[in-house]
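Structure first, then comments.
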Amino acid sequence: SMGSDLITWDIEMNLYKELQDKLSEHNPTEVDELILDDLFENVTQFTTQNKKDLEKYSNLIHLSLNGFGLDNLTNFPKLPSLQVLEIRQNNLDGSDFEQLVDLYPDLYKLKVGENKIKSLDIFKKLADSNIRKIELAETAATESKDYRNTLFQMLKNVDIVDNQTRDGEEASSTIYEEDEGEMGEELDDDEFDGEDEEFEEYDDEEGEEEESAGKDK
């Protein structure tokens, strides 16, 4: 059923209107999370219009563009408040990742697994960023045995690479799990508190046990 929900990507498309239709009417400045993974495919690159449309979401904290088919970061939206960016399962080689530093100065979690990233050198450009967590599983760059240590040395601010801390400990298992628990866990971070009614509800219903478990460290 998922396949039938995909919107055919049209270069002339009014992305903002599509999102209004697809996600029901909303004020973009009140949205803090935009998960577009199952809405689009075969989007090799954003247009300047796409960029403008996405920049209407000026208070966005979490943007997910997994599986779009993107070849590069051309016309990615500038979102100063963004903290979590997911661009997994695309065709990115990382050669333009330096753009991430200017586009997302507050970014703390970057998920780029299952892309065409061959060398860890592309991450050098992120040395001055505030990124704390990186996920790059299932990229060719992870084939060297010591790739995590290489990244930790290169990126002084990074605490967690592919679910492992600098000390080689396993990070909280919910950090990268692709299930609903992910945001439940992240609500522990002040930035997410009460921002999003949908997750507040979820938290009240089933997240309570999980959340208290998550705090018990």
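The values are calculated or read from the model by the stated rules, or taken from the named source; none is laboratory data. This is a predicted model, so every value here is computed, not measured. Glycine gets a Cβ as well: all are built from the backbone with ideal geometry, and neighbour counts include every protein chain shown. Side chains are part of the model used for accessible areas, which takes the heavy atoms of the whole protein and leaves out ligands, DNA and RNA. Shrake-Rupley method; radii C 1.70, N 1.55, O 1.52, S 1.80 Å.
Here are a few things to note about the model shown:
- Residue match in region 77-86 (condition: β-branched (Val, Ile, Thr) and either in a loop (DSSP other than H, G, I, E, B) or out of contact with any Ser or Thr (no Cβ under 6 Å at 6 or more places or on another chain) (or both)): yes
- The residues in region 17-37 that are closer than 23 Å to Gln89 by Cα, of a type outside the set (Asp, Glu) and either open to solvent by less than 70 Å² (accessible area, probe 1.4 Å) or assigned to a loop (DSSP other than H, G, I, E, B) (or both) can be counted, and the count is 4.
- Counting only residues that are surrounded by fewer than 21 Cβ atoms within 10 Å (Cβ to Cβ) and touching a residue at least 24 places away in the same chain (Cβ under 8 Å), region 121-132 holds 7 of them.
- Conditions (1) out of contact with any helix residue (DSSP H, G or I) (no Cβ under 9 Å at 6 or more places or on another chain); (2) under 16 Å from Thr139 (Cβ atoms); (3) surrounded by fewer than 17 Cβ atoms within 10 Å (Cβ to Cβ); number of the one not met by Lys116: (1)
- Evaluated against (1) surrounded by fewer than 22 Cβ atoms within 10 Å (Cβ to Cβ); (2) over 28 Å from Tyr147 (Cβ atoms); (3) of a type in the set (A, V, I, L, M), Leu73 falls short on exactly one condition, (2).
- Every residue from region 104-131 that is over 12 Å from the mean Cα position of the chain (by Cα) and either acidic (Asp, Glu) or under 11 Å from Leu85 (Cα atoms) (or both): Asp106, Glu114, Asp121, Asp128
- Pairs linking a residue in region 15-38 that is among the acidic types (Asp, Glu) to a residue that is surrounded by fewer than 11 Cβ atoms within 10 Å (Cβ to Cβ), with Cβ atoms under 8 Å and 6 or more positions apart or on different chains, are Asp38/Met2; Asp38/Asp5.
- Within region 133-153, being open to solvent by 40 Å² or more (accessible area, probe 1.4 Å) and either free of Cβ contacts under 8 Å to residues at least 24 places away in the same chain or over 16 Å from Val112 (Cα atoms) (or both) holds for Glu143, Ser144, Lys145, Asp146, Arg148, Asn149, Thr150, Gln153.
- Residue, farthest from Gly69 (Cα to Cα), within region 6-16, restricted to residues that are at pLDDT below 85 and open to solvent by less than 70 Å² (accessible area, probe 1.4 Å): Met13
- Among the residues of region 55-78, those that are touching a helix residue (DSSP H, G or I) at 6+ places or on another chain (Cβ under 7 Å) and without any contact (Cβ under 8 Å) to a residue 40 or more places away in the chain comprise Tyr57, Ser58, Asn59, Leu73, Asn75, Phe76, Pro77, Lys78.
- Residues being in a loop (DSSP other than H, G, I, E, B), in contact with a Gly (Cβ under 7 Å, 6 or more places away or on another chain) and crowded, with 18+ Cβ neighbours inside 10 Å are represented in region 38-60 by at least one member.
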